[in-house]
């Protein structure tokens, strides 16, 4: 009888622009933690209208262009046979926008998966995403255009943390999540990544090695600072009044 696919031990579900690249960098540095094998990378993945060159961090399966490859394909990526790592996972920020049907399918297939959720002030998150989109469209020096971009469907969908976070917490129990807040990651990166490793079942002492601890003090990458147009800030703060209520009710595990 064939061995059933193992599936991921953990999944980072987002949010976009909330240090998921930092999370991937430091989890992949741990000798016990790994990601999908490079040898199984499919052809070019087009996400949000552009090639996604982030494999193996982002598999883009649960809600994304690789979804039609099927569950057997996805689960098979995380077999540990022949791997030196014993904990394998996927960090795809767009998973936070998955539908309840997609989240429910994940729970049926991977009921014990550990979930990593990174949160950021919703106004700051939207502003960072708007600037990224504006750079692509060469609109950074046009304040009126930045306000218009705030209504972009992608910005609205990915920034709707009130709906998306609630959807995940309705389907998976809270104890299967490690929720990190960006300010905690920036202020105490070593303590946060140690806590995440312990949550996943990896040895947190790896991050106390002097050479690793020193590198962890490097600032978490952010886009270049820029002043938000007042009209845009007012729009985003009004948009996220209810978002703050939902996020304020969640005590991040990274608060330690």
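For segment 61-75, residues that are surrounded by 15 or more Cβ atoms within 10 Å (Cβ to Cβ), at pLDDT 95 or above and in a loop (DSSP other than H, G, I, E, B) total 2.
Among the residues of segment 29-43, are any in contact with a strand residue (DSSP E or B) (Cβ under 6 Å, 6 or more places away or on another chain), without any contact (Cβ under 8 Å) to a residue 24 or more places away in the chain and either at positive phi or surrounded by fewer than 22 Cβ atoms within 10 Å (Cβ to Cβ) (or both)? No, the conditions are met nowhere in segment 29-43. Taking the criterion of being touching a residue at least 40 places away in the same chain (Cβ under 8 Å) and not in a loop (DSSP other than H, G, I, E, B), the residues of segment 106-123 that qualify are 106, 107, 109, 114, 115, 116, 117, 118, 119, 122, 123.
Residues that are farther than 18 Å from residue 120 by Cα and buried (at least 22 other Cβ atoms within 10 Å of the Cβ) within segment 91-102 comprise just one, 98. Screening segment 149-210 for helices (runs of 4 or more DSSP H) wholly inside it with 3 or more residues that are within 16 Å of the chain's Cα centre (by Cα) and either modelled with pLDDT of 95 or more or buried (at least 22 other Cβ atoms within 10 Å of the Cβ) (or both) returns the ranges 161-171, 182-187, 189-200. When residue 218 is tested against (1) surrounded by fewer than 15 Cβ atoms within 10 Å (Cβ to Cβ); (2) under 19 Å from residue 18 (Cβ atoms); (3) in contact with a helix residue (DSSP H, G or I) (Cβ under 8 Å, 6 or more places away or on another chain), exactly one condition is not met: (3). Every condition in (1) assigned to a loop (DSSP other than H, G, I, E, B); (2) out of contact with any helix residue (DSSP H, G or I) (no Cβ under 8 Å at 6 or more places or on another chain) is met by residue 140 except one, and the failing one is (2). Restricting attention to segment 221-244 and to residues that are modelled with pLDDT under 85 and surrounded by 10 or more Cβ atoms within 10 Å (Cβ to Cβ), the residue that is nearest to residue 23 (Cα to Cα) turns out to be 222. I want to confirm something. Restricting to segment 125-144 and keeping residues that are free of Cβ contacts under 8 Å to residues at least 60 places away in the same chain and buried (at least 17 other Cβ atoms within 10 Å of the Cβ), which single residue is nearest to residue 182 (Cα to Cα)? The extreme case among them is 133. Taking segment 76-104 as the range and being in a helix (DSSP H, G or I) and touching a residue at least 40 places away in the same chain (Cβ under 8 Å) as the test, the residues that pass are 76, 93, 94, 95, 96, 97, 100, 102, 103, 104.
In segment 82-90, the count of residues that are modelled with pLDDT under 95, in contact with a strand residue (DSSP E or B) (Cβ under 9 Å, 6 or more places away or on another chain), on the phi < 0 side of the Ramachandran plot and buried (at least 17 other Cβ atoms within 10 Å of the Cβ) is zero. Checking each residue in segment 22-46 for being modelled with pLDDT of 95 or more and within 29 Å of residue 156 (Cβ to Cβ) picks out 22, 23, 24, 25. I'd like to check something: does segment 14-26 contain any residue that is touching a strand residue (DSSP E or B) at 6+ places or on another chain (Cβ under 7 Å), over 19 Å from residue 115 (Cβ atoms) and assigned to a loop (DSSP other than H, G, I, E, B)? No, because not a single residue in segment 14-26 is touching a strand residue (DSSP E or B) at 6+ places or on another chain (Cβ under 7 Å), over 19 Å from residue 115 (Cβ atoms) and assigned to a loop (DSSP other than H, G, I, E, B).
The values are calculated or read from the model by the stated rules, or taken from the named source; none is laboratory data. Here the structure is a predicted model, which is why all the values come from computation and not from measurement. Here Cβ is always computed from backbone atoms with ideal geometry, including for glycine, and neighbour counts include all displayed protein chains.
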